[in-house]
Amino acid sequence: MAMSELHLHLEGTVDRRTVMLLDPALTRGQVDAAWAFTDFTGFLECFKFIAQRLRGPADYGIIVRGMMETLARQGVTYAEVTLGAGVVLWRGFEFDAVWREIRAAQREARRQWPVDVWWNLDAIRQFGPDHVMEMARLAAKYVGDGVISFGIGGDEARGPALLFRDAYRYAKDAGLRLTAHAGETDGPDSIRAALLIGAERIGHGIRAADDPDLMRLLRDKRIPLEVCITSNVKTGAVRSLQAHPVRKLFDAGVPITLSTDDPGVFETDLAREFALARDVLGFSDAELAGIAEASNTFRFVA
């Protein structure tokens, strides 16, 4: 079956080896220390550590080519990849120059690694409504040039979704599909708020398991959760692999897809995520085939 990956951060595809290629001055000890996080704050610091090693557009091209090779080797034929547009600007780069390099690298890599990649531009929610609106306007400029959706990531507690209602309305009017990280480190109300501003898919969303009414809403409205098992364990969003609520969500009828989130950071791949669901969380092969098909059903480009 053709596989789709719906929750994948470009910067998070960078692994320990690649970050040392990007910055040869790094020692292995420095890299291992960055990867030794045990909570969500530590993960954000690791992500920042990687972003600080991206020196300009050419480095974005390098990681795009590496990502597409890795996806193709996994049998992934379609991916919606999140680019931290806010991170690009935070680094002081001209976005259009980075974008041109990303698209050139994508076209080049696709000749050898035929993965259909579309882009989700992501705002940093804790930077506030003005920043998120700026990112929505930026995303709108690239509709028709590979950008298919817009979303928010970062710290849920410091960037409540309802602050971004206007930005989401603007993005929708511009022809963008809408996503949002929610219910990862904050509770069910964060997911409800993301739905209120128009999110069509929820990144993570695992805290929906704490709210039976919300699970029924997600089931009835056919709103999928992009579940990333290893990510949730390594960031401390769940206390252990065995305690992950994906089985509860699935049994409640909530649409589920499986993704890697930041595979270089979390040292995983899509095959491993499916294996964990089968071997640890009790999913049957038939159920996993249905989850794989859901990733095709709920993608934004048919």
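The values are calculated or read from the model by the stated rules, or taken from the named source; none is laboratory data. All values derive from a computational prediction rather than experimental measurement. Every residue, glycine among them, receives a Cβ derived from its backbone with ideal geometry; neighbour counts consider all protein chains shown.
Of these, THR77, THR27, THR18, THR82, which one is modelled with pLDDT of 95 or more, within 28 Å of THR230 (Cα to Cα), under 16 Å from the mean Cα position of the chain (by Cα) and of a type in the set (S, T, N, Q)?
From the options THR77, THR27, THR18, THR82, the qualifying one is THR82.
If you take the residues in segment 141-162 that are closer than 20 Å to SER190 by Cα and aliphatic (A, V, I, L, M), which one is farthest from the chain's Cα centre (by Cα)?
Checked segment 141-162; the qualifying residue farthest from the chain's Cα centre (by Cα) is LEU162.
From the list LEU6, LEU26, LEU21, exactly one residue is of a type outside the set (Gly, Ala, Ser) and buried (at least 17 other Cβ atoms within 10 Å of the Cβ). Which is it?
LEU6
Are there any pairs with C-beta distances below 7 angstrom linking a residue in segment 282-302 that is closer than 16 Å to ILE229 by Cα and free of Cβ contacts under 8 Å to residues at least 60 places away in the same chain to a residue that is surrounded by 15 or more Cβ atoms within 10 Å (Cβ to Cβ) and of a type in the set (Val, Ile, Thr), with the two at least 6 apart or on different chains, and if so which?
Hits for this filter: ILE291/ILE256; ILE291/THR257.
Taking the conditions exactly as written (part of a loop (DSSP other than H, G, I, E, B), touching a residue at least 12 places away in the same chain (Cβ under 8 Å), closer than 24 Å to MET67 by Cβ and among the basic types (Lys, Arg)), does ARG272 satisfy them or not?
no
Can you tell me how many residues in segment 128-161 are under 27 Å from GLU45 (Cβ atoms) and either among the aliphatic types (A, V, I, L, M) or assigned to a helix (DSSP H, G or I) (or both)?
13
Restricting the search to segment 165-209, which residues are farther than 23 Å from SER295 by Cα, charged (D, E, K, R) and touching a residue at least 24 places away in the same chain (Cβ under 8 Å)?
Scanning segment 165-209 gives ARG165, ASP166, ARG169, ASP186.
Before we move on, is ARG192 more than 23 Å from MET3 (Cβ to Cβ), of a type in the set (Lys, Arg), touching a Pro at 6+ places or on another chain (Cβ under 8 Å) and at pLDDT 95 or above?
Considered against the rule, which asks whether it is more than 23 Å from MET3 (Cβ to Cβ), of a type in the set (Lys, Arg), touching a Pro at 6+ places or on another chain (Cβ under 8 Å) and at pLDDT 95 or above, ARG192 comes out as no.
Quick check: anything in segment 222-240 among the hydroxyl-bearing types (Ser, Thr, Tyr), assigned to a loop (DSSP other than H, G, I, E, B) and either at pLDDT 95 or above or surrounded by fewer than 15 Cβ atoms within 10 Å (Cβ to Cβ) (or both)?
There is at least one residue in segment 222-240 that is among the hydroxyl-bearing types (Ser, Thr, Tyr), assigned to a loop (DSSP other than H, G, I, E, B) and either at pLDDT 95 or above or surrounded by fewer than 15 Cβ atoms within 10 Å (Cβ to Cβ) (or both).
So which residues in segment 89-106 are free of Cβ contacts under 8 Å to residues at least 40 places away in the same chain and polar (S, T, N, Q), if there are any at all?
Answer for segment 89-106, where residues must be free of Cβ contacts under 8 Å to residues at least 40 places away in the same chain and polar (S, T, N, Q): there is none.
Would you check if LYS141 is buried (at least 16 other Cβ atoms within 10 Å of the Cβ), among the basic types (Lys, Arg) and at negative phi?
Taking the combined requirement at face value, the residue does not satisfy it.
Across segment 85-121, what is the total count of residues that are modelled with pLDDT under 95, closer than 22 Å to GLY159 by Cα and not in a helix (DSSP H, G or I)?
Total satisfying the criteria: 1.
Residue under question is ASP251, and the condition is that it be on the phi < 0 side of the Ramachandran plot and in contact with a His (Cβ under 6 Å, 6 or more places away or on another chain); does it hold?
Judged against the criteria, ASP251 is not a match.
So VAL301 passes all but one of these: (1) surrounded by fewer than 15 Cβ atoms within 10 Å (Cβ to Cβ); (2) in a helix (DSSP H, G or I); (3) under 17 Å from the mean Cα position of the chain (by Cα); (4) aliphatic (A, V, I, L, M). Which condition number does it fail?
Single failed check for VAL301: (2).
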